[in-house]
1. May I ask you to list pairs of residues, at least six apart or on different chains, whose Cβ atoms are under 7 Å apart, with the first in the range 346-363 being within 22 Å of Ile145 (Cβ to Cβ) and the second being open to solvent by 30 Å² or more (accessible area, probe 1.4 Å) and in a loop (DSSP other than H, G, I, E, B)?
2. Give the range 203-221 a look and list any residue that's over 29 Å from His81 (Cβ atoms) and surrounded by fewer than 19 Cβ atoms within 10 Å (Cβ to Cβ), or say none.
3. Go through the range 45-81 and give me each residue that's open to solvent by 20 Å² or more (accessible area, probe 1.4 Å), within 27 Å of Ser129 (Cα to Cα) and either touching a His at 6+ places or on another chain (Cβ under 8 Å) or among the basic types (Lys, Arg) (or both).
4. Got a sec? Which of Arg298, Arg304, Arg237, Arg289 is among the charged types (D, E, K, R) and in a loop (DSSP other than H, G, I, E, B)?
5. State all residues of the range 131-180 that are part of a loop (DSSP other than H, G, I, E, B), among the basic types (Lys, Arg) and within 21 Å of Gln324 (Cα to Cα); if no residue qualifies, say none.
6. Which residues, counting only those in the range 40-62, are free of Cβ contacts under 8 Å to residues at least 60 places away in the same chain and not in a loop (DSSP other than H, G, I, E, B)?
7. Scan the range 218-259 residue by residue and report those that are in contact (Cβ under 8 Å) with a residue 60 or more places away in the chain and touching a helix residue (DSSP H, G or I) at 6+ places or on another chain (Cβ under 8 Å).
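The values are calculated or read from the model by the stated rules, or taken from the named source; none is laboratory data. Just so you know, these numbers come straight off a predicted model, no measurement behind them. Cβ placement follows ideal geometry from the backbone for every residue including glycine, while neighbour counts extend to all protein chains displayed. Each accessible area value is taken on the protein alone, full model and side chains, heavy atoms only, with ligands, DNA and RNA left out. Shrake-Rupley method; radii C 1.70, N 1.55, O 1.52, S 1.80 Å.
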Amino acid sequence: MIAHGARAVERCRILAKTPFSETEGSLFRFWLGPAYRRTVDQVGLWMEEAGMSVRMDATGSLVGRYEGTHAGSPAVMIGSHLDTVRNGGAFDGNLGVMLGIETVSALHEAGVRLPFAVEVMGFGDEEGSRFPAPMMCSRAMAALIDTVPDGIRDGVGQSVAEAMEAFGLDPARLKDARRKPGELLAFIEPHIEQGPCIEAGDGELGVVTAIAAQTRQRVVVRGQSDHAGTTPMILRRDALAGAAEMILAVEHIGAAGGSDHVATVGQMHIVPNTSNVIPGEVWFSLDMRAATDEARDRMAEEIREDIRRIAANRELDVSFEATQLLPAAACTPGLVDRLARVIADVTGKPAQRVLSGAGHDAMAMVGLCPMAMMFIRSPGGLSHHPDETVRVQDVELAHRALLAFVKEFQS
C-alpha cells in the first residue's frame, strides 16, 4: 500500500534540489525561470500518473484535473504554489500541491469518481520572488487583474511581458487564466503553518479562520552624497543613518500593536554603496500585516507619520510607493467547520483554529469561490529557510483528512 504522506514529503525534497533550483546547494525557484519549467514538467508527469489530465494556463501555472462522474462538472480545487523564496525551504507551497496529487492518486487507485471533478493547482507566482507583485497567477485566475503589470522588472531588467513571451506565453491572453463563477465549488489550500502555534498546542494539523490583511510599500529616502572624510557630522544629510532610525521606528510600532500586528523591513538598497561616500539615497521595503484591514491601516499610517517626522528632523526627503495592498481574507465558515471535523476524526483531538499571518493564494481565490486552508505543523515554526521541515506522520494525517473531506464534500 502506498504511503501517500511519505511520497508527498519525498517529492518535495526532490523538488528542492537541482535541476529544480536555480542555485546549486540551496533552493530558489522563480516564476517562468529554467528551474520552474523543469518543475512544471516533472509535476505534470506526477499528475498524469495520478490519473489526471494536465494543462498549463495562460500564466504558466499548472492545472491537473480528475474528472467526475459527468464530464465538465464543477470542481473542488486543491493546491498551492510551486515558486519559492531565495534560499527557501522544501515544503512552503510545494507540499500543498503534492498533497493535492496524493488525494487524487488515492481516488484513482480505488477507482472512485465523485459527482464533481477534483483539480490540483500549482500556481506559478505566489512569493513575488522575481517581480515585486506576488500572487499574479492566482489574482489572474480570480479576475483581480486584467492585464500584465506594467513598469516592474526583475533583477536583470526583464519585464513581466518579456518573461512571459520568453517562456512561450502570450501576455495579451492573460484573461484566459480566469475561471468563471460556478466552475469551482471550493478552493482548499493545504500549507505548512510557517509558525509555532500548532506545535505549541501539541497538535499536528490546524484549520485557518482568516488570512491577515497586509500591505507592502517601498520607502525612498533621499539625502546628499558627499565625501566621508571631509564632511562634518553635523552638516551631513545621511540617507542611510536616517533609514536606520526609521527602521527602528518600524520595529517599535509593529511590536506595540500586539501579537497580531507585524511590521518588517527585509530589503534595502543604498546609493552609491561605497565605503568612503555618505549615502545619498536609500530605499527599503516595508511589509505591514494585521488581523483586519482597519488595524493594518492604522499601523501603516502611524509608521508613515513617524518616518516623515524622522525625515524632517534630518532634512531628508522621503516618499512611499505602494507595491501591494491585500485585504484580510476570511475563510468560508462552512468549509472551516468541515475541515475541522475531518481533522478531529483523523487526529483524535479538536482541530486548532488559527489566523494566518502569512499571505497565500487563497487570499485571491476568496472572491471566486468558497475557500479554506489546512495548516500542517512546522517543527520549530521555521519557514522561508533551508531547515524548514515537516513530520511525515503529520503529512500522512493531512492526506487522510483531505481525502475524507473530498469524499464527503457536498456543494
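1. Ala358/Gln194
2. First, pick out the residues of the range 203-221 that are over 29 Å from His81 (Cβ atoms): 220-221.
The answer is Val220, and nothing else.
3. Across the range 45-81, the qualifying residue is only Arg55.
4. On the way: Arg298 fails: in a loop (DSSP other than H, G, I, E, B); Arg304 fails: in a loop (DSSP other than H, G, I, E, B); Arg289 fails: in a loop (DSSP other than H, G, I, E, B).
The match here is Arg237.
5. Keep residues of the range 131-180 that are part of a loop (DSSP other than H, G, I, E, B), which gives 131-135, 142-152, 154-158, 168-170, 178-180.
Of the ones still in play, those that are also among the basic types (Lys, Arg) are 178-180.
Answer for the range 131-180, where residues must be part of a loop (DSSP other than H, G, I, E, B), among the basic types (Lys, Arg) and within 21 Å of Gln324 (Cα to Cα): just Arg178.
6. Within the range 40-62, Asp41, Gln42, Gly44, Leu45, Trp46, Glu48, Glu49, Ser53, Val54, Arg55, Met56 meet the criteria.
7. Residues of the range 218-259 in contact (Cβ under 8 Å) with a residue 60 or more places away in the chain: 218-223, 237-239, 241-242, 245-246, 249.
Val219, Val221, Arg222, Gly223, Gly242, Glu245, Met246, Ala249, listed by residue number.
Rundown of residues vs (1) in contact with a Ser or Thr (Cβ under 9 Å, 6 or more places away or on another chain); (2) open to solvent by less than 40 Å² (accessible area, probe 1.4 Å), yes/no style:
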| position | (1), (2) |
| --- | --- |
| Arg236 | no, no |
| Leu248 | no, no |
| Gly257 | no, yes |
| Gln267 | yes, no |
| Asn276 | no, no |
| Glu302 | no, no |
